[in-house]
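Engineer: One structure, as structure tokens, below. Some questions next.
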Amino acid sequence: MTTTPLLQIENLQVEFATRGGAVHAVDGVNLTIEPGQTLGLVGESGSGKSVTARAIMRLVPTPPGRYAGGRILFEGKDLLGLSDGEMQSLRGGQISMVFQDPMTFLNPVFTAGEQVAEAIRAHQGASKGEARAKTIELFRTVGIPNAEERFSAYPHELSGGLRQRVMISMALSSRPKLLIADEPTTALDVTIQAQILDLLRHLQDEFGMSILLITHDLGVVAEMCDKVAVMYAGQIVEEASIEPIFDAPAHPYTSGLLEAIPSTSNDGAQFRPIPGAPPDLARLPQGCRFAPRCRYRQAICQTTPPPRVAVSPAHSARCHFAGDFKKNEPEPAIAGRTS
Amino acid sequence: MARLIITRLLTMIPLMFIVASVVFLMLRFVPGDPARIIVGNQRITEENLQNIRVQYRLDKPVLVQYGYWVKDLAQGDLGRSFRQRADVNTLILERLNVTAQLVISSFLLSMIISIPLGIISALRRNTWVDFSATIFSLIGASSPVYFTGIILILLFSYKLNWLPALGEGDGGWDTVKHLALPSLALGFSLACVTTRLTRSAMIEALSQDYIETARSKGLSARTVVMKHAFRNAMIPIVTVAGLQFGALVVGTVLIEYTFGIGGLGSLIVQAVQVRDYPIVQGATIFIAAIFILVNLIVDILYAVIDPRIRY
């Protein structure tokens, strides 16, 4: 079966001009999302996952940002080559985005309904009345009670969960083919998080869209995604479908992330945080970017950047010892800071 | 909202009374005998002088004068001018018209210049447009209105002979021509502050998360800037515009003097010079009322702009 992927990112490079020179926030990222698929993009803050997401929407502020290379193919068209007008009609139309904090990402001075309705008017040329009716309909779809009244509620009058539902209804208003969800549950209460994830899954079935789910929560990935890509310091360090990642991570960083999850099922014995912090993107280590924090590092790791190694046809990792790094004697402890 | 308006209007009465009382008492401490100034350089006997004092109750102790003044005020009577034989009410209303035209046209001019300029500066940050706007603002903020006024007169009246330099005109187009330069001078000095403020408020608003949402919806750049950012930037702009409007009413004193316009400002200046107490007191009450009303309008606008503000 050969279908064109819905989204194919090839060797994407995004850099930011800083006083210390250009910083490569996204450095050679490759990603593929098939229609109807959910891809989890995992990483710490500053790993470049949000920049990657914004690059797909072409929302990276330029300057200081710059799309320095690569292609973002959406249904075969390179988004980086589109005119501003073409991109504008794609945004919120075929590709849409749900953001992290529904408080700050909704405009405080407009009603929830108006903010959804204006997206409908922009993309579907609907009249005010039609847009209003569609918005109320959408509010019902995403499970907002008293949808009609809530149309004229202001964001500060809604709870966090309702606000995120408003954001979701906004993103879905034109039935996008790709929904980018940037940490959609991070700012919410735990009980609400589960509801929102449930809603997203349910809506995905109903609308048949693909989802790029950005998160730092591997639990969310396990629950939601078909595939996962782990990002570290601007690069994808491991990519695979769900089971192999959780059962046999091929990259020490992924392994470290899994060990850093406090869990009741592994007797708490394995709970081990990754020491140190991600490297300063302006002063990257010479070899592997993760080497300064890696328990399994060898001499080669500190001198030579690792290639992408395929451990199985659908599982690759950027590590000199991909798949069998555990053979290396772990260092007992690694000095904390790297930068 | 209705409660806000009613309470504000009710507190307006004691507030204006206090302001007027302070001015009343301050004037009594200003050196100079009004009776002598009223007479001017004419030779006059001490007896006649005393008659004038009696006529205007200037022979009574200050507190008694105050009592009479309060009694008249309660009936809406601001008294009679010492110098010009007319009611203060009439005199002020005559002059208020020109001043109001001047204030409103300067204010509108300032907004028309500063808001677009501030928005463009914010959008084109650190480009030559932004730098030019900054220089424009600095010049305006550091030149007094009478200086700007004189420069405008030299340029447009003296050199180019396009516009009249003095007076308030005879109504209609003539008034427009006469008020153009003073409005420009006043408007320019205000525009500078508002330009800087609009710029920073827009930069602030444009950096907010909801702007990213607006863009991600596929709205046009114009809608993102003018609807989503500007609506939020308006709150500080309205605050300052309100303060400026109040300051303008006072600021016209200088500009009316520079351009020889017979407005409220020049009426007050003349009245102070000749110790015409009733005019100064009456005009102060009018200006206080304008200040209070403008503040009320600003507060109402807050609630209109920002739904989080409720009274």
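The values are calculated or read from the model by the stated rules, or taken from the named source; none is laboratory data. These numbers were taken from a predicted model, which means no experiment stands behind them. Glycine also receives a Cβ, built like all others from the backbone with ideal geometry; neighbour counts cover every protein chain displayed.
Engineer: What is the residue count in segment B:38-61 for residues that are surrounded by 13 or more Cβ atoms within 10 Å (Cβ to Cβ) and either within 31 Å of the chain's Cα centre (by Cα) or of a type in the set (Ser, Thr, Tyr) (or both)?
Structural biologist: Selection size over segment B:38-61: 2.
Engineer: Output yes when any residue across segment B:241-249 is within 7 Å of another protein chain (Cβ to nearest Cβ) and either among the acidic types (Asp, Glu) or closer than 25 Å to residue B:130 by Cα (or both), and no when none is. Walk me through how you get there before you give the answer.
Structural biologist: Pass one, segment B:241-249, residues within 7 Å of another protein chain (Cβ to nearest Cβ): none.
No: zero hits.
Engineer: So, in segment B:145-177, of the ones that are loosely packed, with under 13 Cβ neighbours inside 10 Å and small (Gly, Ala, Ser), which residue ends up farthest from residue B:253 (Cα to Cα)?
Structural biologist: B:172
Engineer: Looking at this structure, is residue B:212 charged (D, E, K, R) and more than 8 Å from every other protein chain (Cβ to nearest Cβ)?
Structural biologist: Numbers: charged (D, E, K, R): yes; more than 8 Å from every other protein chain (Cβ to nearest Cβ): no.
Considered against the rule, which asks whether it is charged (D, E, K, R) and more than 8 Å from every other protein chain (Cβ to nearest Cβ), residue B:212 comes out as no.
Engineer: Still on this structure, I have one more. Please specify each residue of segment A:153-205 satisfying the condition of being assigned to a loop (DSSP other than H, G, I, E, B), farther than 16 Å from residue A:220 by Cβ and among the hydrophobic types (A, V, I, L, M, F, W, C). Quick ask: steps written out before the conclusion?
Structural biologist: Here is the first cut: in segment A:153-205, the residues assigned to a loop (DSSP other than H, G, I, E, B) are A:153-154, A:158-159, A:173-177, A:183-189.
Next, only the ones that are farther than 16 Å from residue A:220 by Cβ stay: A:153-154, A:158-159, A:173-177.
The answer is A:153, A:158.
Engineer: Looking at segment A:253-268, is at least one residue under 23 Å from the mean Cα position of the chain (by Cα), aromatic (Phe, Trp, Tyr) and farther than 23 Å from residue A:51 by Cα? Explain how you work it out, then say what you get.
Structural biologist: Of segment A:253-268, the ones under 23 Å from the mean Cα position of the chain (by Cα) are A:253-262.
Of the ones still in play, those that are also aromatic (Phe, Trp, Tyr) are A:253.
Restricting the remaining residues to those that are farther than 23 Å from residue A:51 by Cα gives none.
For segment A:253-268, residues under 23 Å from the mean Cα position of the chain (by Cα), aromatic (Phe, Trp, Tyr) and farther than 23 Å from residue A:51 by Cα: absent.
Engineer: Can you tell me which residue within segment A:88-103, out of those that are part of a loop (DSSP other than H, G, I, E, B) and among the small types (Gly, Ala, Ser), is nearest to the other protein chains (Cβ to nearest Cβ)? Steps first, answer last, please.
Structural biologist: Narrowing segment A:88-103 to residues part of a loop (DSSP other than H, G, I, E, B): A:92-94, A:99-103.
Now restrict to residues that are among the small types (Gly, Ala, Ser): A:92-93.
Numbers: A:92: 3, A:93: 6 Å.
If we take residues in segment A:88-103 being part of a loop (DSSP other than H, G, I, E, B) and among the small types (Gly, Ala, Ser), then A:92 is nearest to the other protein chains (Cβ to nearest Cβ).
Engineer: Can you say whether residue B:201 is within 10 Å of another protein chain (Cβ to nearest Cβ), more than 28 Å from residue B:95 (Cα to Cα) and of a type in the set (Gly, Ala, Ser), as far as the supplied structure shows?
Structural biologist: For residue B:201, the condition - within 10 Å of another protein chain (Cβ to nearest Cβ), more than 28 Å from residue B:95 (Cα to Cα) and of a type in the set (Gly, Ala, Ser) - is not met.
Engineer: Another one. Restricted to segment B:62-103, and to residues that are loosely packed, with under 14 Cβ neighbours inside 10 Å and among the aliphatic types (A, V, I, L, M), which residue is farthest from residue B:37 (Cα to Cα)?
Structural biologist: Out of the qualifying residues, it is B:74.
Engineer: Does residue A:50 fit the bill of being within 18 Å of the chain's Cα centre (by Cα), within 14 Å of chain B (Cβ to nearest Cβ) and assigned to a strand (DSSP E or B)? Talk me through it step by step, then tell me what you get.
Structural biologist: Values: within 18 Å of the chain's Cα centre (by Cα): yes; within 14 Å of chain B (Cβ to nearest Cβ): yes; assigned to a strand (DSSP E or B): no.
Answer is no for this residue.
Engineer: Looking at residue B:108, is it loosely packed, with under 14 Cβ neighbours inside 10 Å, assigned by TED's automatic domain parsing to the domain that holds residue B:237 and closer than 30 Å to residue B:205 by Cα? Spell out how you get there, then give the answer.
Structural biologist: Details: loosely packed, with under 14 Cβ neighbours inside 10 Å: yes; assigned by TED's automatic domain parsing to the domain that holds residue B:237: yes; closer than 30 Å to residue B:205 by Cα: yes.
Spelling it out, residue B:108 is indeed loosely packed, with under 14 Cβ neighbours inside 10 Å, assigned by TED's automatic domain parsing to the domain that holds residue B:237 and closer than 30 Å to residue B:205 by Cα.
Engineer: Could we say that residue A:71 is more than 21 Å from residue A:215 (Cβ to Cβ), modelled with pLDDT under 90 and out of contact with any Gly (no Cβ under 7 Å at 6 or more places or on another chain) here? I'd like the intermediate steps shown before the answer.
Structural biologist: On the way: more than 21 Å from residue A:215 (Cβ to Cβ): yes; modelled with pLDDT under 90: no; out of contact with any Gly (no Cβ under 7 Å at 6 or more places or on another chain): yes.
The answer is no for residue A:71.
Engineer: Restricting the search to segment A:104-139, which residues are more than 10 Å from chain B (Cβ to nearest Cβ), within 27 Å of the chain's Cα centre (by Cα) and small (Gly, Ala, Ser)?
Structural biologist: A:112, A:113, A:117
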